[in-house]
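Written below as structure tokens is the structure these notes are about.
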Amino acid sequence: MDRTLGVLAHRGGLIAERPELTVGVLRAVSRPTGLELELVARRPLDRRSAGERQADIRAGRRGPAPAPRRLLPPYDEGRHRTGDFPAAEPDAETGRIVAGPEVLSRNDVAVVVLTRLTEVGGALSFELGCVATIGITHDLTTVEGATVAVVQDGEAVRVQPCTAGAGGGDDFFESLADYTVARPDGDVLPLLISWAAANLPEVCVDIPLTAT
């Protein structure tokens, strides 16, 4: 449960930006056990053949520009209305954190935690952690973590994770999932959070967005 305890120590940003490599701080959180620092390094995707790479190396040319990342099309599981995926997942390390770690929902055996909320241009990228002291079924294709929806004009718009992973056993479960949504007009991100597998009912949480 150490993931639920912490204070934002740095709002993130790029450390180095070069054509062949970019490095950025995704988040820095001060916890009772020490400073947790998450870094992201990206290299451009090289689609050249082996012969082309050797020719470029001999000629002193740099590699190709980074290729855009594309997400899978959305699908509907029958809960709320499912929102559209963004055209591309933003590089969170290029933005600024606008909300610190926060417990969003919990009961005696489970907790849902906002571990990071970053503003990147007109989008918000955030990560949710789900921890339970009970076993919850999961595999490579299904991660039974929290269900997330954004409240827009009185309507709950379901958000699908961009990436997600889970682990655990008979008496423990932990998952992390990343989401991307459009930044609301105001200074609050209203979320509906539920976790049926851990008996956490739906709650509405307003997350203040601090100035960058």
Counting only backbone N atoms under 13 Å from a point 7 Å out along Cα-to-Cβ of Leu209, the residues of region 103-123 in range are 117-123
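On a 1.4 Å probe surface of the protein chains, which of Ser194, Ser30 comes out largest in accessible area, and what is the full order?
On the way: Ser194 25, Ser30 60 Å².
From most accessible down to least: Ser30, Ser194.
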How much length is gained on full extension from Ile134 to Val7, taking 0.36 nm per residue of separation minus their Cα-Cα distance? 43.0 nm
Can you give me the % of accessible surface on region 163-212 that is carbon or sulfur? Probe 1.4 Å, all protein chains present, nothing else counted. 52 percent
Highest-first arrangement of 173-183, 13-23, 150-160, where packing means the average Cβ count within 10 Å: 173-183, 150-160, 13-23
Between Arg79 and Asn199, what is the label-point separation in nm under the 7 Å Cα-to-beta-carbon projection? 1.8 nm
By average C-beta atoms within 10 angstrom, highest first, the peptides 123-130, 92-99: 123-130, 92-99
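The values are calculated or read from the model by the stated rules, or taken from the named source; none is laboratory data. Just so you know, these numbers come straight off a predicted model, no measurement behind them. Positions of Cβ are generated from backbone atoms using ideal geometry, with glycine treated the same way; all protein chains shown enter the neighbour counts. Note: areas computed on protein heavy atoms with side chains; ligands, DNA, RNA excluded. Shrake-Rupley method; radii C 1.70, N 1.55, O 1.52, S 1.80 Å.
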